[in-house]
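Report on one structure; see the data block that follows.
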Amino acid sequence: MTRSWNLAIPFGLCGVVLGAGLFLSGSPGAAAAVLLLFGLLAAMNSPLVFPRSIGAVEARRRSAVDGRPVVYWRPGCTYCLRLRLRLGRGARSLHWVDIWRDPEGAAEVRAANGGNETVPTVVVAGQPHTNPDPAWVRGQISASG
C-alpha cells in the first residue's frame with residue numbers, strides 16, 4: 001500500500017519557495033525560521049510520523065489474532081496526529097489503516113460514524129470508538145499485550 005505525501009510535499013515546497021524568497025531579499029534569519037516551520041508542518045503531515053498502514057481486511061485479521069486495536073486515520077488529521085504522538089512508541093503495536101488509501105477502511109469508518117469519515121476511529125474487540133482519549137487507547141494496548 002502506498003503512503004500518502006499529498007500534504008507533506010506542498011508544505012515542504014511552500015517552505016522552500018518562501019524561504020528562498022526571504023533569503024534572496026536579505027533576511028536569512030527569517031528564511032531559516034520559515035524553512036523550519038514549514039519543515040515541521042511537512043514532517044507532521046507526512047506518513048513518516050505514522051506506522052505503515054495496512055488494509056482494513058488485514059488489520060481486522062491481525063486484530064482477531066493478537067487482540068490489538070485497529071486505528072483508522074488519515075493524513076492531515078490533527079486528532080490522528082495527537083493520538084499518534086501521545087501514544088509514543090506504543091503506537092507501533094496498533095494496526096493503522098489510512099482511510100484515504102483503503103476504500104474498505106473508509107467504508108467501515110462511515111458505517112461506525114453515521115456516514116461521516118470521522119477519524120481517528122479506534123476499533124477494540126469489534127467495537128468502534130471515535131476520537132478516544134489517548135490514555136484510554138494506551139490502556140487498551142496494555143490489556144491486549
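The values are calculated or read from the model by the stated rules, or taken from the named source; none is laboratory data. As the structure is a computational prediction, the values presented were derived from the model and not from experiment. Reconstructed Cβ throughout: ideal geometry from the backbone, glycine too, with neighbour counts over all protein chains shown.
Would a scan of segment 49-57 turn up a residue that is within 13 Å of VAL122 (Cα to Cα) and either of a type in the set (Asp, Glu) or at pLDDT 80 or above (or both)?
Yes: segment 49-57 contains one or more residues that are within 13 Å of VAL122 (Cα to Cα) and either of a type in the set (Asp, Glu) or at pLDDT 80 or above (or both).
For segment 51-60, which residues satisfy the criterion of being assigned to a helix (DSSP H, G or I) and either loosely packed, with under 13 Cβ neighbours inside 10 Å or touching a helix residue (DSSP H, G or I) at 6+ places or on another chain (Cβ under 7 Å) (or both)?
ALA56, VAL57
Before we move on, is ALA64 modelled with pLDDT of 90 or more, assigned to a helix (DSSP H, G or I) and outside the structural domain of ASN113 (by TED's automatic domain parsing)?
Taking the combined requirement at face value, the residue does not satisfy it.
On the basis of being among the hydroxyl-bearing types (Ser, Thr, Tyr), within 19 Å of PRO134 (Cα to Cα) and in contact with a strand residue (DSSP E or B) (Cβ under 6 Å, 6 or more places away or on another chain), does TYR72 make the cut?
Judged against the criteria, TYR72 is a match.
What do you reckon, is GLN127 without any contact (Cβ under 8 Å) to a residue 40 or more places away in the chain and of a type in the set (S, T, N, Q)?
Taking the combined requirement at face value, the residue satisfies it.
For segment 7-50: of the residues being surrounded by 16 or more Cβ atoms within 10 Å (Cβ to Cβ) and in a loop (DSSP other than H, G, I, E, B), which is farthest from the chain's Cα centre (by Cα)?
Among them, the one singled out is LEU7.
Please indicate, with yes or no, whether at least one residue in segment 109-125 is out of contact with any strand residue (DSSP E or B) (no Cβ under 6 Å at 6 or more places or on another chain), β-branched (Val, Ile, Thr) and either exposed (fewer than 13 other Cβ atoms within 10 Å of the Cβ) or closer than 19 Å to ALA64 by Cβ (or both).
Among the residues of segment 109-125, at least one is out of contact with any strand residue (DSSP E or B) (no Cβ under 6 Å at 6 or more places or on another chain), β-branched (Val, Ile, Thr) and either exposed (fewer than 13 other Cβ atoms within 10 Å of the Cβ) or closer than 19 Å to ALA64 by Cβ (or both), which makes the answer yes.
Would a scan of segment 8-20 turn up a residue that is among the aromatic types (Phe, Trp, Tyr), in contact with an Asp or Glu (Cβ under 9 Å, 6 or more places away or on another chain) and without any contact (Cβ under 8 Å) to a residue 60 or more places away in the chain?
no
Name the pairs whose Cβ atoms lie under 9 Å apart, with the first residue in segment 27-38 and more than 11 Å from PHE11 (Cβ to Cβ) and without any contact (Cβ under 8 Å) to a residue 40 or more places away in the chain, the second outside any helix (DSSP H, G or I) and of a type in the set (Gly, Ala, Ser), and 6 or more positions between them or separate chains?
ALA31/SER25
In segment 67-89, which residue that is small (Gly, Ala, Ser) and in a loop (DSSP other than H, G, I, E, B) is surrounded by the fewest Cβ atoms within 10 Å (Cβ to Cβ)?
The selected residue is GLY67.
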